[in-house]
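Just below is one structure, and these are the notes that go with it.
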Amino acid sequence: MQTLDMAEIDLREMNATLHAQAENTNQTAWEIENPRGAHAIACGLDAPIEVTVKGSTGYYCAGMNKQATINIKGSAGPGVAENMMSGTVVIDGDASQYAGATGHGGLLVIKGNASSRCGISMKGIDIVVHGNIGHMSAFMAQSGNLVVCGDAGEALGDSLYEARLFVRGSVKSLGADCVEKEMRPEHLEILSDLLERSGADARPEEFKRYGSARELYTFKIDNAY
């Protein structure tokens, strides 16, 4: 286990050390101490390493992640795992607004609650929230899966495209063009896999599925007048 203490080194040096790890590195386990809510911790990683952040983080932790597994032993500020491409990010606490925004791939697990706009414009990422999510989550979500084991706030899935939304609890309101859909066997299979991988204590049969009614991006001649 390699340890980087942010009480002794600055953010730039810490990230540069992590970026220096190649795909064939034998220094695969890293621990970051005293993060003290710093922004942009462990951003842009592109190696199969595991990074444990021992505390809460500020903006954009684990942004643009590729390959790495990042464990945050605390809560995360806005934009955690933003534009994530692959790998895994696990947050033991809560996540602030727009967690997983524009994510293209990988798995983001939030063991607490997520604030507003969770999964906004997601493009293939899988997000599992053990608690609740705030308003406007999955706004303009294009693809991927958002799993919520608790409740969802207002305007869930507003203007979404083809992302799949699974919610176990209540939904305060659905956004424009978002509707409840049939839960077919293939969706139960996808959901079961995500719940298992994220360590969520829930059964697929307890969830409802929501998706696009496909009305907003379909041309209708009546709307041209």
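For the condition in contact (Cβ under 8 Å) with a residue 12 or more places away in the chain, surrounded by 19 or more Cβ atoms within 10 Å (Cβ to Cβ) and part of a strand (DSSP E or B), what is the one hit in LEU191, LEU165? Steps first, answer last, please.
Working: LEU191 fails: part of a strand (DSSP E or B).
After applying the criteria, what remains is LEU165.
Can you give me the number of residues within the stretch 111-122 that are closer than 17 Å to ALA163 by Cβ and either in contact (Cβ under 8 Å) with a residue 40 or more places away in the chain or surrounded by fewer than 19 Cβ atoms within 10 Å (Cβ to Cβ) (or both)?
The qualifying residues number 2.
Can you find a residue in the stretch 16-36 that is over 20 Å from ARG117 (Cα atoms), free of Cβ contacts under 8 Å to residues at least 12 places away in the same chain, surrounded by fewer than 16 Cβ atoms within 10 Å (Cβ to Cβ) and of a type in the set (A, V, I, L, M)? Spell out the reasoning first.
Our first condition is that a residue be over 20 Å from ARG117 (Cα atoms); within the stretch 16-36, this holds for 16-36.
Within this subset, residues satisfying the condition of being free of Cβ contacts under 8 Å to residues at least 12 places away in the same chain are 16, 20, 24, 26.
Checking which are surrounded by fewer than 16 Cβ atoms within 10 Å (Cβ to Cβ) leaves us with 16, 20, 24, 26.
Filter again for of a type in the set (A, V, I, L, M), leaving 16, 20.
Within the stretch 16-36 (the criterion being over 20 Å from ARG117 (Cα atoms), free of Cβ contacts under 8 Å to residues at least 12 places away in the same chain, surrounded by fewer than 16 Cβ atoms within 10 Å (Cβ to Cβ) and of a type in the set (A, V, I, L, M)), the answer is yes, since at least one residue qualifies.
Just to be sure before I move on: is ASP126 charged (D, E, K, R) and touching a residue at least 40 places away in the same chain (Cβ under 8 Å) in the structure I sent? Break it down into steps so the answer makes sense when it comes.
Numbers: charged (D, E, K, R): yes; touching a residue at least 40 places away in the same chain (Cβ under 8 Å): yes.
Criteria met by ASP126.
Residue-wise test of (1) within 18 Å of ILE125 (Cα to Cα); (2) surrounded by fewer than 24 Cβ atoms within 10 Å (Cβ to Cβ); (3) at pLDDT 95 or above.
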site: ALA38; (1), (2), (3): no, yes, yes
site: GLU50; (1), (2), (3): no, yes, yes
site: ALA62; (1), (2), (3): yes, no, yes
site: ASN65; (1), (2), (3): yes, no, yes
site: ALA68; (1), (2), (3): yes, no, yes
site: GLY74; (1), (2), (3): no, yes, yes
site: PRO78; (1), (2), (3): yes, yes, yes
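Go through (1) free of Cβ contacts under 8 Å to residues at least 24 places away in the same chain; (2) outside any loop (DSSP other than H, G, I, E, B); (3) of a type in the set (A, V, I, L, M) for LEU108 and report which single condition fails.
(1)
The values are calculated or read from the model by the stated rules, or taken from the named source; none is laboratory data. A quick note: this is a predicted structure, and the numbers were derived from the prediction, not measured. Counting neighbours? That spans all protein chains shown, and the Cβs are built from the backbone with ideal geometry, glycine included.
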